[in-house]
Amino acid sequence: MKWIHTADVHLGTNFATASFGKVLDKRRRREIKETLLRLVRVCELEGYDALLIAGDLYEEKFITISELMDVNEAFAKLTKTQVFMAAGNHDPLSGSESAYRLIEWAPNVHLFGETLSVQTLETKEGRLAIHSFSWTKKTHPQLEVEPLRKQLQLYPATEGWVNIAMLHGTVGEAGSYMPIPLKEVLALPLDYVALGHVHKPEIFSANCGYPGSLEPLDFKETGARGYIDCQWADNRVEMRQVPFAKRRFERLTCDVDESMTLEGIRKAMAEKVAEAGETMGIGKDDMVRMTFSGFINSDTVLDLELLKEDLEALVFYGEIVDETEPDLDIDAILAEHGDSLIGRFIVRMQSLDQEDPLNRKALKEGLQLLLKERVHL
C-alpha cells in the first residue's frame, strides 16, 4: 500500500499584505491551487491508495466555492485514490457556514467530523484504518491520547490493520493550537502519524512528521516544500519527503565593503545567486530576498531599483533589503566641522544609544545627506 501525506495547503490565501502582494497576489493564489491539482494527478498516475490532508486545506476567510469545486472535481476523477481530510484552525468545521458543508464532496472524499472517529480502506494489498477529527474553532486544547488508544484497540495489527493517526497540532510546545504529547502518541500502536499545522517540514521518527506547507506562503518559509510519500512494505512504512512546490522562497545575504563600486556590488549579487543555484537549486522560478550588509563607501550610491532589476533577470521575483552602513570616519568629520550644523547633528545623535542599529543607521544616513548638501551649497 502507499499514500501521500500533505497539509497546510491554504487554498484561497490572500497575499495583499505580503511584501510581494500587489505584484503577485492573484498569481500565487492560483499557483497554490494548481500545485494541489498537480498532486492529485500524481495520485492518479502513480496509483496511490490514499491522499491524506492533515488540516488547513483552505483559508476560511478568503476561500471561494468555485475554488473548492475545482478541487472536488479533480478528486472525483481519481479512479483508485481515496481522499481523507481533517479540518484545522484555518478551515474549521464550524457549523453550517463552513465552506466544507457547502460542497457535495465526491464519493471518494472522506471528511472527518468534530469527534475522533475512524475511516477504513481495504485494498488488495491490505487494510488501512485512519483515525482523526476536525477542528471546529480557531483554537484547540491539548490532544487527549486515551480516546485514541481505545479506538486503536478495535483495529489490531493481528487482523491486518495498518493504523494511521492524522493530527493537526503543535509538537513540542504549549499553547492554543492543540499541543501534541508526542512521546505518548508514538508509544501507541500506530504505524504512521500524519501531522499538520506547522509549515516547516520536520521528521520526528521513522513513522511521524510534518510535510510542511505544500507551497511556501512568504519569505519565512524558505527551503524546499512539498509532501511526504509513504510506502508500506514488510510491516513498516518508508517515508520520503518530495519537493513539489512550483516556487521556493529564499533569503540570501550579499556582503559588501568600502572598496566595492556599484558595478562590483552588482557582480557580487549575481555571483551570490549563481552560488545559491549550485548549492540550493535556486532558479528562474524562485523568489529571492537579497539583503546587502557591511560597510559601503560613502561615495557609492546603492541603486536599489537597478539591483532589483538585476535580481529579477536571474529569478522570478526579487526583493532588495539595504542593511549597509556608510564607511564614515565620524570622529574626523566632527573634528573638521566643530560647532556647525553637521557637528551639532553628530553630537546629538551620539547622545542616543548607539548600540541600537536604528540609531546608528540614522546617524550615518543623516550625516551622508548633510555632507552631500554641503557639497551642493
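Computed quantities for the displayed model
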item: Pairs where the first residue, in region 18-45, is at pLDDT below 95 and the second is part of a helix (DSSP H, G or I) and open to solvent by 30 Å² or more (accessible area, probe 1.4 Å), C-beta under 8 Å, 6+ apart; result: A18/D25
item: Restricting region 143-164 to residues that are touching a His at 6+ places or on another chain (Cβ under 9 Å) and more than 15 Å from M1 (Cβ to Cβ), the residue that is surrounded by the most Cβ atoms within 10 Å (Cβ to Cβ); result: L148
item: Pick from region 248-287, criterion assigned to a loop (DSSP other than H, G, I, E, B) and touching a strand residue (DSSP E or B) at 6+ places or on another chain (Cβ under 6 Å), ranking: least open to solvent (accessible area, probe 1.4 Å); result: I282
item: Test: residue in region 324-333 that is more than 30 Å from G281 (Cα to Cα), touching an Asp or Glu at 6+ places or on another chain (Cβ under 8 Å) and open to solvent by 20 Å² or more (accessible area, probe 1.4 Å); result: yes
item: Contacts under 8 angstrom Cβ, first residue in region 103-131 being closer than 19 Å to M166 by Cα and open to solvent by 40 Å² or more (accessible area, probe 1.4 Å), partner charged (D, E, K, R) and at pLDDT 95 or above, 6 or more apart; result: T120/R127; R127/E159
item: Any hit, region 62-71, residues being small (G, A, S) and surrounded by 13 or more Cβ atoms within 10 Å (Cβ to Cβ); result: no
item: Filter result for the condition that a residue is of a type in the set (A, V, I, L, M, F, W, C), modelled with pLDDT under 95 and either out of contact with any Leu (no Cβ under 6 Å at 6 or more places or on another chain) or within 30 Å of I282 (Cα to Cα) (or both), over A233, A187; result: A233
item: Selected residue [of a type in the set (F, W, Y), modelled with pLDDT of 90 or more and either farther than 25 Å from S19 by Cα or touching a Cys at 6+ places or on another chain (Cβ under 8 Å) (or both)] from F295, F345, F316; result: F345
item: Selection status of F292, among the aromatic types (F, W, Y) and either touching a Ser or Thr at 6+ places or on another chain (Cβ under 6 Å) or on the phi > 0 side of the Ramachandran plot (or both); result: yes
item: Residue match in region 51-60 (condition: open to solvent by 30 Å² or more (accessible area, probe 1.4 Å) and over 16 Å from T6 (Cα atoms)); result: yes
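The values are calculated or read from the model by the stated rules, or taken from the named source; none is laboratory data. Being a predicted model, the structure only gives us computed values, none of them experimental. Every residue, glycine among them, receives a Cβ derived from its backbone with ideal geometry; neighbour counts consider all protein chains shown. For the accessible areas, the whole protein counts, side chains as well, though only heavy atoms, and no ligand, DNA or RNA atoms are used. Shrake-Rupley method; radii C 1.70, N 1.55, O 1.52, S 1.80 Å.
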